[in-house]
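The values are calculated or read from the model by the stated rules, or taken from the named source; none is laboratory data. Computed from a prediction, not measured in an experiment: that's the story for all the values here. FYI the Cβ positions are ideal-geometry reconstructions off the backbone, even for glycines, and counts take in every protein chain you see.
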Amino acid sequence: MELILQDELAVRSQRLVERRVKSAQFRELKTLADFDWSFNPSIKKKQVFDLATCRFVREGRDVLLLGPPGVGKSFLAQAVGYEAIKQGMTVLYRSIFDVVRDFLHEAALGEDDKLLGRYLKPDLLIVDDMGMKQLPRRSGEVLFEIVMRRYETRSTVMTSNR
């Protein structure tokens, strides 16, 4: 009976992780185990694995991953997001292109507050490719409001090549 109960709990836990991964809207699921560390030896493995503990999320701190295109920033941001999900946290991943599209769509519908809530709610918000697109004025203002309202209460990871 105990084995059946343990199996049921494991299945439920896995389903919860799967639902949270789907809700996070990652481009594709990335894991630290899949990262090619030899591709870019300048990446400090210890720092990445420290981020993967998600202590920064529990402490409400933010992370900015900077570097030229193609060095693995997006991959690592998504992999850290997946680690956060496995630790029971909620995550939302959006590229800056998604952010602008979301803002324009919700503004057209007059539902800015709904969008604001969606971006404020997760334990970890990942905004990928900051600086790749010029933000329309209103989108920039709303994104700034989101970052400021999340500051020191919820964590945000941003990637940028600028």
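Here are some notes:
- Scan of the range 80-124 for residues that are without any contact (Cβ under 8 Å) to a residue 40 or more places away in the chain and β-branched (V, I, T), ordered by number: I96, V100
- All of (1) surrounded by 15 or more Cβ atoms within 10 Å (Cβ to Cβ); (2) at pLDDT 85 or above; (3) not charged (D, E, K, R) hold for F97 with one exception: (1).
- Look at (1) under 15 Å from the mean Cα position of the chain (by Cα); (2) buried (at least 17 other Cβ atoms within 10 Å of the Cβ); (3) farther than 22 Å from K45 by Cα; (4) of a type in the set (A, V, I, L, M) and you find that L76 fails only one, number (3).
- Filtered by the rule that a residue be of a type in the set (V, I, T) and in contact (Cβ under 8 Å) with a residue 60 or more places away in the chain, the range 19-47 gives a lone residue, V21.
- V71 passes every criterion in (1) at pLDDT 95 or above; (2) more than 23 Å from V147 (Cβ to Cβ); (3) surrounded by 14 or more Cβ atoms within 10 Å (Cβ to Cβ) apart from (1).
- Checking each residue in the range 115-159 for being part of a loop (DSSP other than H, G, I, E, B) and surrounded by 15 or more Cβ atoms within 10 Å (Cβ to Cβ) picks out P122, D123, L135, R154.
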